[in-house]
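Data block below; observations after.
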Amino acid sequence: MNTPETPSDKSFSIDLIFQALVSSPAPTSIYSGEDMIIRFANEGMLALWGKDSSVIGKPLMEAIPELEGQPFLELLREVWRSGKTYSVSEAPAKLIRNGQEVLDYFDYEYKALTDHNNKTWCILNTALNVTSRLEFLKQIEQKEAREQALNEEMAATLEELTCTNEELSISIKQLANSREYIRMIIEQAPVGIAMLKGSEHIVEIANPAILTIWGRKESEIIGYPHEEARPELKGQLVNKWIKEVYQSGKPKINTEFTVKLRHNDGLREAIVNSIYQPIFSDDGDISGVLVILEEITQQVLERRKNENDQQMLALAIDAGELATFYYQPATNLFSGNSLLRKWFGLSSDENLDLSLALAVILPEDRDRVIEAITHSLSNNSDGHYFIEYRIKNNVDKKIRLLQANGRVFYDRKGNPLSLNGTLRDITEQKKEEQRKDDFMGMVSHELKTPLTSLKAYLQMLQRIGLKTESPMPQNMLEKSLKQVDYMNGMINGFLNVSRLDSGQMHIDKTAFDFQVLFSEIEDEVLSTISTHNFVFRHSGPIEILADREKISQVLHNLIGNAIKYSPLKMSIIIQYVTVGDNSLKVSVHDHGIGISSDDQQRIFERYYRVKDINSKSIAGFGIGLYLCKEIIELHGGTIEVNSSQNEGTIFSFVLPIKGEKSIH
């Protein structure tokens with residue numbers, strides 16, 4: 001006796017599964033034939049193409065003519081002929097949206113479905129627009145590693161599916177229009193799909209993707225009421241939504257919904273996109289609920305982190321009054337924030353080209369900027385970009401001196417994608433430095449003569465004081481002479497800065513034994529300074545060709561800094577060693593308050609002083625280390641600092657032992 005077919009048996013037709021795929025958030029389409037006739041395309045794929053449903057039934061190139069000259073049709077034909085799946089990540093595609101050509105990037109897959117003769121009867125195309133990923137270049141590098149692992153896992157899965165492809169193809173042909181056909185499509189779907197039957201929501205089908213998300217095995221789910229099989233959902237909204245969909249016949253769609261799912265013996269918090277779709281029988285009755293689930297936890301967390309990072313970066317940029325720029329060499333696109341547009345006199349709605357920005361740069365600086373950009377994008381560049389130049393826009397006509405600092409970002413093949421960076425208006429800073437230079441140059445020359453006379457008078461008084469028996473006047477005169485020498489050294493420093501700016505700093509190189517100079521400085525320091533413990537480490541005689549007086553000045557300056565920034569009675573180690581055959585390395589190591597990493601980047605700049613609350617009372621103009629750097633570099637050497645806060649500082653410089661007789 002034949003039993004009547006139940007409503008639920010009638011419900012699982014190919015029309016219903018196509019209805020479910022239409023509702024899927026993943027863009028999906030199906031093609032057939034050598035001309036790739038579009039047999040199916042859900043809303044996601046139509047939106048991706050920028051088309052409406054009228055393209056269904058047309059050949060792909062007729063429906064989307066902008067694909068002409070792009071590789072997609074040939075790839076599809078190769079998949080059709082070979083029966084082999086083709087998938088790719090971050091592939092470019094030009095499409096027409098709202099009448100305009102748009103270049104986007106996609107992860108897409110062409111999957112051939114074959115019959116028992118291994119002949120392709122249709123191609124399943126899934127795609128995902130990933131253009132926004134490229135906006136976060138730093139995060140892309142981290143994401144690519146994860147995608148690589150995912151691709152390998154997908155490749156392994158596809159290999160397993162390929163091995164059973166013949167058997168699956170035969171089954172698909174034999175069971176077309178049957179429930180088993182629907183089940184197979186669901187099993188291979190890239191998103192989680194489950195079918196709940198009847199008013200008790202018995203789990204009839206649950207594909208591997210949704211079992212992974214649920215943290216369940218098939219044996220724990222199939223044949224059981226959904227609410228009973230998944231007790232972890234008690235107190236959450238999922239079961240309520242399923243009941244409402246079954247009773248009302250209206251779908252329920254959730255975006256970025258947070259739910260607690262089973263994980264090992266406990267729960268984990270996940271973020272999902274979900275669709276609860278009513279399933280109707282042929283007579284219009286609701287026979288079940290189709291659940292489509294996609295977990296996006298990692299993507300959302302990364303996006304939120306990126307958004308937070310972007311907000312923090314934006315706050316830092318605003319606080320620092322920085323303009324940001326972005327240059328894409330492939331398209332010559334140049335863009336930036338509102339402050340950049342203001343400085344360059346550009347409207348907010350203007351599509352920028354690099355030539356518009358270059359036109360604002362003063363002519364005498366323009367070629368230098370073009371050369372710096374070209375070099376930073378070249379193969380022999382380290383990708384860093386730093387330059388100072390002047391601009392004058394056509395709005396406020398104000399001349400600004402800008403300091404540009406940026407770096408190049410590359411694709412996986414090492415080709416430059418973009419040059420990103422910041423601009424800082426240093427107009428007032430440079431004016432202030434010039435005012436300081438002018439003031440110091442003037443004051444230094446004016447003070448030199450009276451200071452020389454004052455020292456002569458003090459020395460005369462010192463000689464007269466030798467005839468008295470009282471030691472007090474003599475001590476006072478010695479202290480006064482030390483202060484005069486200190487002021488004289490400061491003035492000489494100012495004069496040296498002026499000479500550097502005018503190109504008159506003269507380096508008079510002579511051959512001398514560095515050990516003798518080192519011993520002289522040792523005797524002087526040990527006899528005049530008792531506030532710290534000094535350790536001078538010799539390495540024997542070394543004859544070098546250098547300006548003896550200026551190298552002595554550098555060493556005195558570094559020792560003076562160590563004294564100023566070290567607690568009383570702490571050790572200060574001064575030593576020299578040879579490096580290789582033609583270099584001398586001298587270092588001064590203190591155990592003082594240390595220097596932060598930010599300050600270390602700028603400590604050799606003119607007028608720069610360490611911004612530390614503990615050093616506010618220490619006198620100085622911020623020119624000592626600047627002069628040390630200039631003197632060492634005029635000798636063809638290098639100077640550096642290594643420091644950790646509260647752990648001490650090591651200043652060291654390296655000089656070539658041999659060199660030319662003199663240099664300006």
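The values are calculated or read from the model by the stated rules, or taken from the named source; none is laboratory data. The model shown is predicted, which means the values in this text are computed figures rather than measured ones. Note: ideal-geometry Cβ built from the backbone for every residue, glycine included; neighbour counts use all protein chains shown. Just the protein is used for accessible areas: all its heavy atoms, side chains included, with ligands, DNA and RNA removed. Shrake-Rupley method; radii C 1.70, N 1.55, O 1.52, S 1.80 Å.
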Failed item, numbered, when residue 440 is tested on (1) at pLDDT below 90; (2) closer than 19 Å to residue 325 by Cβ; (3) open to solvent by less than 30 Å² (accessible area, probe 1.4 Å): (2)
First in the range 635-647 and free of Cβ contacts under 8 Å to residues at least 60 places away in the same chain and over 12 Å from residue 597 (Cα atoms), second anywhere and part of a loop (DSSP other than H, G, I, E, B) and open to solvent by less than 30 Å² (accessible area, probe 1.4 Å), Cβ under 6 Å, 6 or more apart: 646/594; 647/594
When residues of the range 84-116 are limited to those that are polar (S, T, N, Q) and touching a helix residue (DSSP H, G or I) at 6+ places or on another chain (Cβ under 8 Å), the one farthest from residue 412 (Cα to Cα): 114
Residue check, residue 254 of a type in the set (S, T, N, Q), in contact with a strand residue (DSSP E or B) (Cβ under 6 Å, 6 or more places away or on another chain) and touching a residue at least 12 places away in the same chain (Cβ under 8 Å): yes
Of all residues in the range 87-109 being of a type in the set (A, V, I, L, M) and in contact (Cβ under 8 Å) with a residue 24 or more places away in the chain, the one that is surrounded by the fewest Cβ atoms within 10 Å (Cβ to Cβ): 102
First in the range 65-78 and of a type in the set (D, E, K, R), second anywhere and open to solvent by less than 30 Å² (accessible area, probe 1.4 Å) and not in a helix (DSSP H, G or I), Cβ under 8 Å, 6 or more apart: 66/95; 77/36
Candidate set from the range 1-56 (those that are hydrophobic (A, V, I, L, M, F, W, C) and part of a loop (DSSP other than H, G, I, E, B)); member that is modelled with the lowest pLDDT: 1
Selection count, the range 36-82, where residues are open to solvent by 70 Å² or more (accessible area, probe 1.4 Å), closer than 26 Å to residue 117 by Cα and in contact with a Lys or Arg (Cβ under 9 Å, 6 or more places away or on another chain): 1
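Residues are listed down the side, and each one gets a yes or a no for (1) out of contact with any helix residue (DSSP H, G or I) (no Cβ under 7 Å at 6 or more places or on another chain); (2) outside any helix (DSSP H, G or I):
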| position | (1), (2) |
| --- | --- |
| 525 | no, no |
| 544 | no, yes |
| 549 | yes, no |
| 557 | no, no |
| 567 | yes, yes |
| 587 | yes, yes |
Condition check for residue 622: open to solvent by less than 60 Å² (accessible area, probe 1.4 Å) and either at pLDDT 85 or above or out of contact with any Ser or Thr (no Cβ under 6 Å at 6 or more places or on another chain) (or both): yes
Test set (1) more than 12 Å from residue 518 (Cα to Cα); (2) open to solvent by 60 Å² or more (accessible area, probe 1.4 Å); (3) in a loop (DSSP other than H, G, I, E, B) - residue 578 fails condition number: (3)
Of all residues in the range 498-515 being within 11 Å of residue 550 (Cα to Cα) and open to solvent by less than 50 Å² (accessible area, probe 1.4 Å), the one that is modelled with the lowest pLDDT: 505
Tally of residues being of a type outside the set (D, E, K, R), open to solvent by 10 Å² or more (accessible area, probe 1.4 Å) and in contact with a strand residue (DSSP E or B) (Cβ under 6 Å, 6 or more places away or on another chain) across the range 411-426: 5
Scan of the range 273-288 for residues that are hydroxyl-bearing (Ser, Thr, Tyr) and in a loop (DSSP other than H, G, I, E, B), ordered by number: 281
Verdict on residue 119 being open to solvent by 30 Å² or more (accessible area, probe 1.4 Å) and at pLDDT below 80: no
